[in-house]
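A short worksheet on the structure shown next.
None of the figures in this text is laboratory data; all of them are computed from the coordinates on show. Model, not experiment: these values are computed from the prediction. Positions of Cβ are generated from backbone atoms using ideal geometry, with glycine treated the same way; all protein chains shown enter the neighbour counts.
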Amino acid sequence: MIYIETPRLQLRDWKEADLEPFSRLNADEEVMTYFSNTLSPEQTNMFYKAIVSEFQECGFGLYAVEVKENKEFIGFIGFHRATFEADFTPCIEIGWRLKKEAWGRGYATEGAAACLQYGFNELGFNDVCSFTADINEPSKNVMKKIGMSFIKSFHHPKVEKDSPLCKHVLYHISKNEKS
């Protein structure tokens with residue numbers, strides 16, 4: 001099922017055929033620069049199952065993204081229930097991960113903006129958050145471009161305290177801020 005279409009992208013259900021390129025994406029050190037580690041094929045398979053489970057439980061999740069022009073799988077953009085221990089959780093998080101060949105083309109911004117509209121208008125969300133390591137300038141730029149506002153910095157409880165990835169930033173947008 002296709003949930004969201006933009007001029008260049010389709011955000012859709014996952015297919016079994018996505019697993020192999022998804023595994024390559026999660027094993028790419030450059031793509032995973034702002035995460036604690038890359039994922040093995042087994043870890044990617046567990047992640048895939050968690051994504052499918054969240055769709056079944058919530059009716060939303062991290063949508064598989066393909067380029068309309070060639071039907072190429074390029075990653076995911078979508079929503080996730082963030083439940084780790086923090087003063088702003090539980091919350092609905094918007095996030096993205098695209099293969100590096102898709103970077104610099106505005107796909108993350110285009111897809112995330114469409115996701116927000118879908119979340120507010122179709123899923124009934126009132127608030128959406130996003131967070132990333134403070135050093136992740138590309139994702140912070142996407143957050144700003146889709147209208148999110150910086151709320152605060154925090155130390156992610158699931159990242160080692162001495163890691164350069166521990167310091168995170170939280171961004172937020174509410175339904176009444178999005179036109």
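Some points to look at:
- Filter result (within 27 Å of Pro7 (Cβ to Cβ), of a type in the set (Phe, Trp, Tyr) and in contact (Cβ under 8 Å) with a residue 60 or more places away in the chain) within segment 51-97: Phe60, Tyr63
- Glu16 vs. criteria under 21 Å from Cys166 (Cα atoms) and among the charged types (D, E, K, R): no
- Among the residues of segment 152-171, the ones that are surrounded by 14 or more Cβ atoms within 10 Å (Cβ to Cβ) and either in contact with a helix residue (DSSP H, G or I) (Cβ under 9 Å, 6 or more places away or on another chain) or not in a loop (DSSP other than H, G, I, E, B) (or both) come to 6 in all.
- Near pairs, Cβ below 6 angstrom, 6+ apart or cross-chain, from segment 163-177 (without any contact (Cβ under 8 Å) to a residue 40 or more places away in the chain) to any residue that is of a type in the set (A, V, I, L, M, F, W, C): Cys166/Val159; His168/Phe131; His168/Ala133; His168/Phe154
- Filtered residue count, segment 8-18, keeping only those that are surrounded by fewer than 16 Cβ atoms within 10 Å (Cβ to Cβ) and within 17 Å of the chain's Cα centre (by Cα): 1
- Top-ranked residue of segment 20-37 - restricted to ones that are exposed (fewer than 15 other Cβ atoms within 10 Å of the Cβ) and in a helix (DSSP H, G or I), ranked as farthest from the chain's Cα centre (by Cα): Glu20
- Residue pairs whose Cβ atoms lie under 6 Å apart, sitting 6 or more positions apart in sequence or on different chains, and linking a residue in segment 38-50 that is over 18 Å from Gly78 (Cβ atoms) to a partner that is in a helix (DSSP H, G or I) and charged (D, E, K, R), do not occur here.
- Any pair with Cβ under 8 angstrom, 6 or more apart, that starts in segment 148-162 at a residue that is without any contact (Cβ under 8 Å) to a residue 60 or more places away in the chain and ends at one that is part of a strand (DSSP E or B) and of a type in the set (D, E, K, R): Ser153/Lys167; His155/Lys167
- Which numbered condition Gly59 fails, given (1) loosely packed, with under 13 Cβ neighbours inside 10 Å; (2) closer than 27 Å to Asp28 by Cα: (2)
- Filtering segment 126-145 to residues that are outside any helix (DSSP H, G or I), within 10 Å of Ile173 (Cβ to Cβ) and within 13 Å of the chain's Cα centre (by Cα) leaves Val128, Cys129, Ser130.
- Ile51 vs. criteria aliphatic (A, V, I, L, M) and in a strand (DSSP E or B): no
- Count - residues of segment 70-125 that are touching an Asp or Glu at 6+ places or on another chain (Cβ under 6 Å) and either under 14 Å from Ser174 (Cα atoms) or assigned to a helix (DSSP H, G or I) (or both): 1
- The set of residues in segment 75-101 being of a type in the set (Gly, Ala, Ser), more than 15 Å from Leu11 (Cα to Cα) and either more than 14 Å from the chain's Cα centre (by Cα) or buried (at least 19 other Cβ atoms within 10 Å of the Cβ) (or both) consists of Ala86 alone.
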